[in-house]
Amino acid sequence: MANTFLLEYIEKNSIIHKLNGATKLICFLLWMTAIIFTYDIRFLIFLTIFGFYIFNISKIRFKEVKIVFYLISVFLILNLITIFLFSPLEGTKIYGTRHEIVKLFGNYIITKEQIFYELNIFFKYISIIPVALLFIVTTNPSEFASSLNKIGVPYRFSYAVSIALRYIPTIQEDFITISKAQQAKGIDVSKKIGFLKRIKNVSYMLL
């Protein structure tokens, strides 16, 4: 399905799609564990590049998940800004040194340590995105539930996961319906208005 807003299974003929659901889940959990327990930015950059490489060989087109990717990116940027606003010297506390670049006002000082710290956070999050997207859009809900059950996960839990994944397209349809109704009332989400205004209107519809 092109231009998918939320996330649902997208059928393709790729090596990623041919893996069973349990294998994908195990790989995803191992990927998350590696990201959580490392702060080596070189390793995180490698995972980011490798993650997008895997995304590429899955044959999922970027335009099929681009809106979700953009929304996640916006929240990631807002998170980095929030970190600086509430703890502008967190990097200096962690690394124990202080190399000032620009003094803004008060305690708001841009330091090399803070930039490095926030870059670390950035790559921690961005390295998760391609793999998380792949896990959802390349996994058939029924096949995934069956795989979970085969590796010993209780049937009730497996069935609940299957229902949750199947519910995503329903949410998408509801959003499209609400979006059309709100646009009929004058709430614009087209490219005719500014980017921030569009994000605000889409957020209103999501709520």
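Across the accessible surface of the chain, with the other protein chains kept in place and a 1.4 Å probe, carbon and sulfur atoms take up 67 percent.
Simple spin-label estimate for Gln183 and Thr23 gives 4.0 nm between the two label positions (7 Å along the Cα-to-Cβ direction from each Cα). Take Val153: with every protein chain present and a 1.4 Å probe, its accessible area is about 30 Å². Each of Asn56, Ile72, Ile199 was scored by the projection of its Cα onto the charge dipole of the chain, and the greatest displacement toward the positive side belongs to Ile199; charges sit on the C-beta of Lys, Arg, Asp and Glu. Using the 1.4 Å probe convention, the accessible area of the chain works out to 62 Å² per residue with neighbouring protein chains retained.
Within straight-line reach of Lys200, meaning a Cα separation under 14 Å, sit the following aspartates and glutamates at least 8 residues removed in sequence or on another chain: Asp188. Starting from the Cα of Lys103, draw a straight line to each of the lysines and keep only those under 20 Å, dropping any in the same chain fewer than 8 residues away. Correct list for Lys103: Lys93, Lys112.
How big is Rg to Rh over the chain, alpha-carbon atoms, Rh as the Kirkwood inverse-mean-distance radius? Reported Rg/Rh (Cα atoms, Kirkwood Rh): 1.03. Counting only whole DSSP H helices of the chain, the ones at least 18 Å long by C-alpha along their axis and with mean Kyte-Doolittle hydropathy no lower than -0.5 are 21-36, 41-57, 66-86, 112-126, 155-184.
Classified by the C-alpha gyration tensor, the range 1-79 has an oblate form. Its axis ratio a/c, with a ≥ b ≥ c, is 1.5 or above, and a/b does not exceed b/c. The GNM of the chain, with springs linking C-alpha atoms under 10 angstrom apart, assigns the highest mean-square fluctuation among Ala145, Ala184, Ala160 to Ala184.
Would you calculate a helix-derived [θ] at 222 nm for the chain, using -39,500 (n - 2.57) for each DSSP H run of n ≥ 4 and dividing by the full residue count, to the nearest 500?
-22000 deg cm²/dmol
Under 15 Å Cα to Cα from Lys124, which aspartates and glutamates show up? Leave out anything in the same chain fewer than 8 places away. In chain and number order, the partners are Asp40.
The listed residues His99, His17 rank as His99, His17 when sorted by accessible area, largest first, using a 1.4 Å probe.
The values are calculated or read from the model by the stated rules, or taken from the named source; none is laboratory data. Since the structure is predicted, the reported quantities are computational estimates derived from the model, not experimental observations. Counting neighbours? That spans all protein chains shown, and the Cβs are built from the backbone with ideal geometry, glycine included. Heavy atoms of the whole protein, side chains included, go into the accessibility calculation; ligands, DNA and RNA do not. Shrake-Rupley method; radii C 1.70, N 1.55, O 1.52, S 1.80 Å.
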